[in-house]
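Comments concern the structure below.
Coordinate-derived values only; no laboratory data. These figures come from a predicted structure and were not determined experimentally. Heads up, the Cβs are rebuilt from the backbone with ideal geometry, glycines too, and the neighbour counts pull from every protein chain shown.
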């Protein structure tokens with residue numbers, strides 16, 4: 001080790017990665033178009049991407065896609081806030097009380113792998129055909145990874161950082177907020193990302209199953225009408241919800257913890 | 001924060017009859033055995049010993065991080081039973097907060113006492129300048145070298161204005177040249193602040209370069225073998241390592257340590273043989 005500062009990451013080239021990503025998407029669509037047009041893929045199962053693109057205007061104009069997009073986005077946002085708050089608090093409690101952790105960590109891990117979407121009739125009975133059925137479905141399915149990753153992040157905090165806190169006589173609350181939480185933040189964010197993925201899948205899946213709500217409901221409608229191009233276009237809006245949440249999460253992480 | 005006053009006997013830190021035992025699968029081990037010493041205000045005392053002699057255990061006892069020990073640690077007349085505001089600790093491992101900039105790392109103890117943002121930034125800058133890191137205030141530890149990060153840790157501890165600076169092999173992970181230069185920096189700061197300092201180390205050169213006295217420990221169980229007064233002129237710099245007197249002290253301490261280090265090595269070999277058997 002030398003006593004010289006390491007150079008900062010240089011900003012040039014920051015646009016190269018997004019450009020390559022965009023080019024990869026365009027390339028995939030072009031390949032799909034070719035494969036459908038030469039008959040390698042059945043156009044009655046997968047419509048050509050150009051038809052999907054062409055149907056965007058139609059679903060925006062005729063299917064109220066933006067209000068449905070906002071509806072699904074709102075469900076995801078509420079579920080995301082709930083699973084972040086309760087997931088971090090749950091992980092914290094389980095780390096703090098070892099008996100609790102030993103008693104239920106395996107069950108929480110099992111829940112993370114379970115097809116919780118099958119529980120939708122239960123929530124449908126409790127909350128009816130309302131937004132809350134989807135929100136709670138998203139919350140329940142996204143909660144386990146946040147809890148598990150919070151425990152993992154806190155447990156992985158380097159002992160020396162905890163000892164620094166002890167040497168400064170930090171209270172238990174200060175030890176958590178000033179050392180354990182920021183140290184665990186990157187791992188907690190991995191959990192929140194996973195939780196949001198699970199939440200979005202289950203929210204859209206439940207909308208699809210109960211024919212109610214936002215984009216999942218629209219996809220079910222379009223699929224029933226065998227409007228495949230419209231169905232795929234609506235799926236693109238689901239992906240857009242996911243992309244927006246990931247961008248927002250990344251910004252939040254950089255704001256809370258500017259460096260790794 | 002600066003409430004601790006020296007005892008009537010002049011000592012600011014009294015370590016009295018410390019014994020630490022651990023239960024291991026092979027039976028109880030005494031890591032530290034009846035270690036006692038006193039440190040006067042402004043004094044630089046080093047504790048040196050071979051690996052496994054209980055130096056770091058002693059560091060944790062004095063810093064209040066280890067509670068299952070016998071004996072007393074007394075800071076300016078007050079017996080302590082946990083971390084104490086008069087003792088500032090610098091750890092062997094890299095201990096800066098990677099999510100805070102240099103200035104926010106150094107301001108950490110000031111933030112804890114509720115000092116206002118502007119005032120603590122000014123105080124933090126003072127200590128950053130003291131360790132020679134001006135211009136790096138807004139960098140993150142990940143952008144700094146190992147030596148610079150240790151200086152951030154030192155500045156953070158100094159910012160809490162401890163009566164006693166307690167350091168556990170703070171330069172152990174650094175190369176020899178950086179270690180000597182940082183030794184100069186610590187000496188300069190210690191002399192400037194008249195900072196009472198207790199350094200735990202296994203490096204003889206480092207100990208002689210910086211100390212007023214050196215406590216030599218035996219290999220397990222860690223006992224006081226000898227306390228050596230280092231009568232070298234101050235202010236000192238790393239240039240002192242070329243003097244005859246310096247060489248004399250290094251040789252003297254190595255004579256004391258050689259036997260202990262050999263015992264440690266044989267003990268480790270026996271341990272390996274006991275667990276893994278001789279190689280065929």
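Relative contact order (percent) for chain A, with alpha-carbon contacts under 8 angstrom and 6 or more residues of separation? Computed over chain A, the figure is 24 percent.
With a 10 Å cut-off around each Cβ of B:98-105, the average count of Cβ atoms from other chains is 3. Please figure out what share of the DSSP beta bridges in chain B is antiparallel and state it in percent, rounded to the nearest 5. Rounded to the nearest five, the antiparallel share is 50 percent. In this simple spin-label model, placing a label point 7 Å from the Cα along the Cα-to-Cβ direction at both residue A:37 and residue A:70 gives a separation of 3.8 nm. Among beta bridges identified by DSSP and lying wholly in the protein assembly as shown, the antiparallel ones come to about 50 percent. Between B:115, B:148, B:167, the GNM of chain B built on Cα springs shorter than 10 angstrom shows B:115 fluctuating the most. In whole angstrom, how far apart do the alpha carbon centroids of the stretch B:81-95 and the stretch B:177-206 sit? Centre-to-centre distance over Cα atoms comes out at 16 Å. Entry note, chain B: the mean residue ellipticity at 222 nm calculated from DSSP H runs of n ≥ 4, each adding -39500 (n - 2.57), is -12000 deg cm²/dmol after division by the residues and rounding to the nearest 500.
Debye-formula intensities of the stretch A:63-256, expressed as log10 I(q)/I(0) at q = 0.09, 0.14, 0.18 Å⁻¹, are -0.39, -0.80, -1.13 (one equal scatterer per alpha-carbon, no solvent).
Computed from Cα positions, the angle between helix A:228-256 and the longest principal axis of chain A comes to roughly 20 degrees. Relative to the longest principal axis of the Cα atoms of chain B, the long axis of helix B:176-193 makes an angle of roughly 60 degrees. Which shape class, rounded, prolate or oblate, goes with the protein assembly as shown when its Cα gyration tensor gives a ≥ b ≥ c as root eigenvalues, a/c under 1.5 marks rounded, and past that a/b bigger than b/c marks prolate? Prolate, since a/c reaches 1.5 and a/b exceeds b/c.
Legend: ranking of residues B:140, A:44 from fewest to most surrounding C-beta atoms inside 10 Å; resulting order A:44, B:140.
Once the Cα atoms are used to define both axes, helix B:146-159 deviates from the longest principal axis of chain B by about 70 degrees.
The ellipsoid that matches the Cα gyration tensor of the stretch B:135-280 has semi-axes, each √(5λ) in whole angstrom, of 31, 22, 15, with the longest given first. Protection proxy ranking of B:184-190, B:256-262, by the mean of other Cβ atoms within 10 Å over each peptide's residues and highest first, is B:184-190, B:256-262.
Using just its DSSP H runs of length 4 or more, each adding -39500 (n - 2.57), chain A gives a mean residue ellipticity at 222 nm of -25500 deg cm²/dmol after division by all residues. Relative contact order for the stretch A:187-260: what is it in percent, counting Cα pairs under 8 Å that are at least 6 residues apart? Computed value for the stretch A:187-260: 23 percent relative contact order. Taking every alpha-carbon pair under 8 Å whose residues sit at least 6 apart, the stretch B:94-161 reaches a relative contact order of 50 percent. With a 10 Å cut-off around each Cβ of B:173-180, the average count of Cβ atoms from other chains is 2.
Note on B:87-93: average number of Cβ atoms from other chains within 10 Å of each residue's Cβ is 3.
As a proxy for reagent exposure, ranking B:265, A:131 by other Cβ atoms within 10 Å from fewest up yields B:265, A:131.
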